Amino acid sequence: MELVKLLRHIKDEKVRRAIRVNAHVISTLRDYLIGKGFVEIFPVMVSKVTDPLTTVKESVELNFYGQSLQLTKSMIFHKLMALFTFDKIFVFSPNIRLEKITDDETGRHLVEFVQLDVEIKNAKRDEVMGLLEDMLIYLTEELKRSCYEELEFFGRTNITHIRPFPRMSYEEAVIKYGADFESKVSLASASPVWITDFPEDMREFYYKTDEKTKHMRDFDLLYPEGFGEAVSGGEREDSRECVLRKLAGKGKDDILEFYVKLLEAGLPPSCGFGIGIERLTRYVCGLEHVKFTRLFPRLPGLKEFAI
């Protein structure tokens, strides 16, 4: 039965057209970043340390030559280390995250997905947010040219973005829309929306804390029309004392030791982000579920397509 469902999925015209758009999304983003002086690096699939993440607790461990390694949840630590070599890098990184089974109902979650990771040495938050706005505007305009037939099929030829995107702080979003503001903000907006300045306990330790406000120097970007989270990013924590404080008593001694060693080795200040390619394609095509952006989707709980 699983094979029947998978073959039906593979033959779906909607899937065929979405994957064509997906291919152009990747090539257009690559050309844009290379044109801005970025260097592309290869992804890291397994590692001794990977993103601890506040939302995905479980890791997938493998025995590699007698060593316990983890499948990569994100390349955050490796892209930071890449800044010892280059000033601006990007990578199309395959990630594995064991999302909650109920997340399949959101239409936005895959267990196996590709993320465009970008990092810039000595960059500040506003600079990177501006780059993202410019990149998304460039992408949508290019897709209207290169994928007009596909966008016409999906009824999405009229997507237009104008800078600057609206911005609100986490606190403002909670006051206006409540604690579960993400979907409400996304539904209410006709433009991508920035959410900034998350509280420390809401984010990973490697986001930089503003010592005056005690909020993070971070950002999320939400797609409009109810498509939800697009991007997470921010400035990186470069204070040894802050790292020690944030991870104290968290049971992450291996990550703490690793990150502190990076700082002691001279890890440069930076800012960066990750944007899910499948979610981006879903938004561009106006799809009800992100599974239509992959020939062989892996859904939370391995529903439908376990082959």
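The values are calculated or read from the model by the stated rules, or taken from the named source; none is laboratory data. This is a predicted model, so every value here is computed, not measured. Here the Cβ positions follow ideal geometry from the backbone for every residue, glycine too, while neighbour counts run over all protein chains shown. For accessibility, only protein heavy atoms count, side chains too; no ligands or nucleic acids. Shrake-Rupley method; radii C 1.70, N 1.55, O 1.52, S 1.80 Å.
Below are the figures for this structure:
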| quantity | calculated |
| --- | --- |
| Alpha-carbon centroids, region 56-106 and region 235-270: separation in whole Å | 18 Å |
| Cβ-derived FRET efficiency at R0 22 Å, E112 paired with I10, nearest 0.05 | 0.85 |
| Over 31 Å (Cα to Cα) - which of K124/K184; K144/K214; K121/K252; K11/K79 fall in this group | K144/K214; K11/K79 |
| In region 176-229, the trypsin sites (Lys or Arg not before Pro) that fall in loop regions by DSSP, at most 15 other Cβ within 10 Å | K212, K214 |
| Heavy-atom accessible surface of the chain: percent carbon and sulfur, 1.4 Å | 54 percent |
| Residue-by-residue Karplus 3J(HN,Hα) for region 218-229, coefficients 6.51, -1.76, 1.60, Hz, glycine and proline x | 10, 7, 10, 10, 9, 5, x, 6, x, 7, x, 4 |
| Probe 1.4 Å, accessible area per residue of the chain, Å² | 47 Å² |
| Tensor-based shape of region 1-138 (alpha-carbon gyration tensor, a/c under 1.5 rounded, otherwise prolate or oblate) | oblate |
| Sum of -39500 (n - 2.57) over DSSP H runs of 4+, divided by residues of the chain (222 nm, nearest 500) | -11000 deg cm²/dmol |
| Projected label distance in nm at K176 and L302, using a 7 Å step from Cα toward the beta-carbon | 4.3 nm |
| Estimated inter-spin distance, K250 and A188, nm [label 7 Å along Cα→Cβ] | 3.1 nm |
| Which label in [x] 1.38; [y] 1.00; [z] 1.20 gives the computed Cα Rg over 2.2 N^0.38 Å | [y] |
| Computed FRET value (nearest 0.05) for K212 with L53, which takes r as the C-beta separation and R₀ as 25 Å | 0.40 |
| GNM flexibility winner over the chain from T85, T106, T50 (Cα, springs under 10 Å) | T85 |
| Separation in nanometres of the label points that stand 7 Å from Cα toward Cβ, at K261 and L3 | 4.7 nm |
| Kyte-Doolittle mean at least -1.0 and Cα axial length at least 15 Å: DSSP H helices in the chain | 13-35, 125-146, 253-264 |
| Coil-residue trypsin sites (Lys or Arg not before Pro) of region 13-43, DSSP, other Cβ within 10 Å capped at 15 | K36 |
